[in-house]
Amino acid sequence: VFPIGLPKLFDGWQNTLDRLSPVIIENEFKKFGWDFKSSIATIVLTYPYFSWFKSEKRYFVLLMEGIVLIKKYFPGIKIILKPKVCFLYYFEEFEKDLDDPDIRLSTIALPVCAHYSKVALTINESAGIFDFIVAGVPVIEYAEYKEEWVKATGFSSAWINTPGFAYVEDFKDLELEISKASNKTFNTVTHNELDRWVGTSKDLSILCNK
């Protein structure tokens, strides 16, 4: 086994995103009736009924609070609600009840969302946020976990202490982090910093010589 780090930190992956993302995002914006130059925020959605979350009702309260604060600190921004395709059903009624043309459910790929987002919020833990960290987007997890889960695992979110990431459980703390994202004081991370943190070598010659 030869550890080379994460391919998403390689230049080839970034070049592919630069090439393909504009067409993908433009098609999605056309479907929503949004201007191609619109700024977006992405809310990454997980399954609301996982047993380690406090309750599905609280999940949607946290989601609504996140939407309110994003709209407050990023006036006029479009918001993409991004669940996994298999969980789309659980959020369709929520989107319908919002009745807001600036907030839409989407199945677009997360790396493309990350390429264009001003801020990313996840309601409870999601592995998909790494695309946003790689893109240098402020990433915030707003969560409520059961005490039993925290006691059993020794932690709440597995992302805590990851560079470019903030974990909050309180509405006031969420507002603080979103305000930082808005005024560009959020502690985002560069590719070089991520390379050092992950241990990416990017030297593939070892594979070619075997």
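The values are calculated or read from the model by the stated rules, or taken from the named source; none is laboratory data. Fair warning: this is a prediction, and the values are worked out from it, not measured in the lab. We place every Cβ from the backbone using ideal geometry, glycine too, and count neighbours over all the protein chains shown. Quick note on the areas: whole protein, heavy atoms, side chains included, nothing else; ligands and nucleic acids left out. Shrake-Rupley method; radii C 1.70, N 1.55, O 1.52, S 1.80 Å.
Of the residues that make up region 82-98, is at least one crowded, with 16+ Cβ neighbours inside 10 Å, in contact with a strand residue (DSSP E or B) (Cβ under 8 Å, 6 or more places away or on another chain) and within 15 Å of PHE29 (Cβ to Cβ)?
Scanning region 82-98, I find at least one residue that is crowded, with 16+ Cβ neighbours inside 10 Å, in contact with a strand residue (DSSP E or B) (Cβ under 8 Å, 6 or more places away or on another chain) and within 15 Å of PHE29 (Cβ to Cβ), so the answer is yes.
Can you confirm whether TYR73 is open to solvent by 50 Å² or more (accessible area, probe 1.4 Å) and either within 15 Å of ALA114 (Cβ to Cβ) or not hydrophobic (A, V, I, L, M, F, W, C) (or both)? Show your work before the answer.
Values: open to solvent by 50 Å² or more (accessible area, probe 1.4 Å): yes; either within 15 Å of ALA114 (Cβ to Cβ) or not hydrophobic (A, V, I, L, M, F, W, C) (or both): yes.
Here the answer is yes, as TYR73 does meet what is asked.
Restricting to region 28-60, name every residue that is open to solvent by 10 Å² or more (accessible area, probe 1.4 Å) and polar (S, T, N, Q). Walk me through how you get there before you give the answer.
Going through region 28-60, the residues open to solvent by 10 Å² or more (accessible area, probe 1.4 Å) turn out to be 28, 30-39, 46-47, 49-52, 54-58, 60.
Answer for region 28-60, where residues must be open to solvent by 10 Å² or more (accessible area, probe 1.4 Å) and polar (S, T, N, Q): SER38, SER39, THR46, SER51, SER55.
Can you name the condition, by its number, that ILE43 falls short on among (1) within 30 Å of GLU148 (Cβ to Cβ); (2) under 19 Å from the mean Cα position of the chain (by Cα); (3) free of Cβ contacts under 8 Å to residues at least 60 places away in the same chain?
(3)
Take the conditions in contact (Cβ under 8 Å) with a residue 24 or more places away in the chain and under 30 Å from PHE10 (Cβ atoms) and apply them to LEU174. Does it pass? Write out each step before concluding.
Details: in contact (Cβ under 8 Å) with a residue 24 or more places away in the chain: yes; under 30 Å from PHE10 (Cβ atoms): no.
For LEU174, the condition - in contact (Cβ under 8 Å) with a residue 24 or more places away in the chain and under 30 Å from PHE10 (Cβ atoms) - is not met.
Residues that are open to solvent by 30 Å² or more (accessible area, probe 1.4 Å) and either in contact with a Lys or Arg (Cβ under 9 Å, 6 or more places away or on another chain) or under 28 Å from TYR47 (Cβ atoms) (or both): does region 187-194 have at least one? Before the answer, list the steps.
Just the residues of region 187-194 that are open to solvent by 30 Å² or more (accessible area, probe 1.4 Å), to begin with: 187-188, 190-193.
Next cut, either in contact with a Lys or Arg (Cβ under 9 Å, 6 or more places away or on another chain) or under 28 Å from TYR47 (Cβ atoms) (or both) only: 187-188.
Checked region 187-194: at least one residue is open to solvent by 30 Å² or more (accessible area, probe 1.4 Å) and either in contact with a Lys or Arg (Cβ under 9 Å, 6 or more places away or on another chain) or under 28 Å from TYR47 (Cβ atoms) (or both).
What number goes with the only condition from (1) touching an Asp or Glu at 6+ places or on another chain (Cβ under 8 Å); (2) modelled with pLDDT of 95 or more; (3) not small (Gly, Ala, Ser) that PRO48 does not pass?
(2)
I'm trying to understand the selection: among the residues of region 20-45, which are modelled with pLDDT of 95 or more and basic (Lys, Arg)?
Selection gives LYS30, LYS31.
Name the residue that is modelled with the lowest pLDDT, counting only residues in region 56-77 that are of a type in the set (D, E, K, R) and within 16 Å of GLU141 (Cβ to Cβ).
Pass one, region 56-77, residues of a type in the set (D, E, K, R): 56-58, 65, 71-72.
Going one step further and asking which of them are within 16 Å of GLU141 (Cβ to Cβ), we end up with 58, 65.
Working: ARG58: 89, GLU65: 98.
Here the answer is ARG58.
Suppose the filter is within 22 Å of ILE133 (Cβ to Cβ), in contact (Cβ under 8 Å) with a residue 40 or more places away in the chain and either of a type outside the set (D, E, K, R) or surrounded by 12 or more Cβ atoms within 10 Å (Cβ to Cβ) (or both); does LYS78 pass it? Don't jump to the end; show me each part of the working.
Details: within 22 Å of ILE133 (Cβ to Cβ): yes; in contact (Cβ under 8 Å) with a residue 40 or more places away in the chain: yes; either of a type outside the set (D, E, K, R) or surrounded by 12 or more Cβ atoms within 10 Å (Cβ to Cβ) (or both): yes.
Yes: the conditions hold for LYS78.
Among GLU169, GLU144, which is the only one that is over 28 Å from ASN15 (Cα atoms), without any contact (Cβ under 8 Å) to a residue 60 or more places away in the chain, charged (D, E, K, R) and surrounded by 12 or more Cβ atoms within 10 Å (Cβ to Cβ)?
Values: GLU144 fails: without any contact (Cβ under 8 Å) to a residue 60 or more places away in the chain.
Just a single option satisfies the conditions, and that option is GLU169.
Within region 47-54, is there a residue that is among the charged types (D, E, K, R), touching a helix residue (DSSP H, G or I) at 6+ places or on another chain (Cβ under 8 Å) and touching a residue at least 12 places away in the same chain (Cβ under 8 Å)? Reasoning before the result, please.
Residues of region 47-54 among the charged types (D, E, K, R): 54.
Right, trim to touching a helix residue (DSSP H, G or I) at 6+ places or on another chain (Cβ under 8 Å) and you get none.
There is no residue in region 47-54 that is among the charged types (D, E, K, R), touching a helix residue (DSSP H, G or I) at 6+ places or on another chain (Cβ under 8 Å) and touching a residue at least 12 places away in the same chain (Cβ under 8 Å).
Give me the pairs: first residue in region 83-94 and closer than 11 Å to TYR47 by Cβ, second residue open to solvent by less than 90 Å² (accessible area, probe 1.4 Å) and assigned to a helix (DSSP H, G or I), beta-carbon distance under 8 Å, and six or more apart or on different chains, which are they?
Taking only residues 6 or more apart or on different chains, the pairs are PRO83/TYR90; PRO83/PHE91.
Of everything in region 147-166, what is assigned to a loop (DSSP other than H, G, I, E, B), touching a helix residue (DSSP H, G or I) at 6+ places or on another chain (Cβ under 8 Å) and open to solvent by 20 Å² or more (accessible area, probe 1.4 Å)? Give them in sequence order.
Quick first cut of region 147-166, residues assigned to a loop (DSSP other than H, G, I, E, B) only: 154-164.
So of that shortlist, the ones also touching a helix residue (DSSP H, G or I) at 6+ places or on another chain (Cβ under 8 Å) come out as 156, 159, 162-164.
Those that are assigned to a loop (DSSP other than H, G, I, E, B), touching a helix residue (DSSP H, G or I) at 6+ places or on another chain (Cβ under 8 Å) and open to solvent by 20 Å² or more (accessible area, probe 1.4 Å): TRP159, PRO163.
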